[in-house]
Amino acid sequence: MSSSSSSLPSIPKLTISAVRQWLFGKQFTAVELAEADVNFAQAENPKTNAYLHFSAEHALDRARIVDQQIARGEDPGPLAGVPVAVKDVIVTKGEMSFPTRPFPDRAISKCPR
């Protein structure tokens with residue numbers, strides 16, 4: 001993670017409007033926020049067991065796109081750069097899904113759509 005990420009506020013306390021304001025104010029980048037969010041989720045997961053899988057590379061790829069759009073002066077949209085977690089029962093392109101949880105042997109391999 002880059003050195004400016006130390007100025008990030010506490011991940012659980014972030015609001016959507018604050019993320020948008022700080023991204024456009026160049027107080028941090030979407031990549032820095034995505035890295036911090038993934039690190040936070042991975043660190044907390046042993047306590048919560050909330051995640052079966054992390055898609056860090058996908059999150060960072062999307063964050064890079066948001067940063068590029070902001071750098072060009074474009075508005076990437078109201079939720080661009082806002083970290084989200086998608087429940088594993090939702091079939092997601094390129095990701096493993098577990099719609100029959102708690103039966104992981106019935107997992108749907110990576111969705112092609």
- Task: Could you tell me which of the residues Gly77, Gly81 is within 19 Å of Val38 (Cα to Cα), at pLDDT 65 or above and under 19 Å from the mean Cα position of the chain (by Cα)?
- Result: Gly81
- Subset of the range 55-78, residues of a type outside the set (Gly, Ala, Ser) and loosely packed, with under 12 Cβ neighbours inside 10 Å, comes to Glu57, Arg72, Glu74, Asp75, Pro78
- Which of the residues belonging to the range 3-23 are at pLDDT below 90 and loosely packed, with under 11 Cβ neighbours inside 10 Å? Ser3, Ser6, Ser7, Ser10, Pro12, Lys13
- Out of (1) part of a helix (DSSP H, G or I); (2) modelled with pLDDT under 90; (3) of a type in the set (Gly, Ala, Ser), the one Ala63 does not meet is (2)
- Item | Condition broken by Lys26, with the remaining ones in (1) more than 16 Å from the chain's Cα centre (by Cα); (2) surrounded by fewer than 17 Cβ atoms within 10 Å (Cβ to Cβ); (3) modelled with pLDDT of 95 or more satisfied | (3)
- Subset of the range 68-92, residues in contact (Cβ under 8 Å) with a residue 40 or more places away in the chain and either in a loop (DSSP other than H, G, I, E, B) or charged (D, E, K, R) (or both), comes to Pro78, Leu79, Ala80, Gly81, Val82, Pro83, Ala85
- Item | Inter-residue pairs, beta-carbon under 8 Å, first more than 15 Å from Val82 (Cα to Cα) and in the range 51-63, second surrounded by fewer than 14 Cβ atoms within 10 Å (Cβ to Cβ) and among the hydrophobic types (A, V, I, L, M, F, W, C), 6+ apart | Tyr51/Ala85
- Task: Check whether at least one residue in the range 31-54 is surrounded by fewer than 14 Cβ atoms within 10 Å (Cβ to Cβ), in a helix (DSSP H, G or I) and among the aromatic types (Phe, Trp, Tyr), and report yes or no.
- Result: no
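The values are calculated or read from the model by the stated rules, or taken from the named source; none is laboratory data. Source: prediction; values computed, not measured. Because the Cβ atoms are built from the backbone with ideal geometry, glycine has one as well, and the counts that use them run over all protein chains shown.
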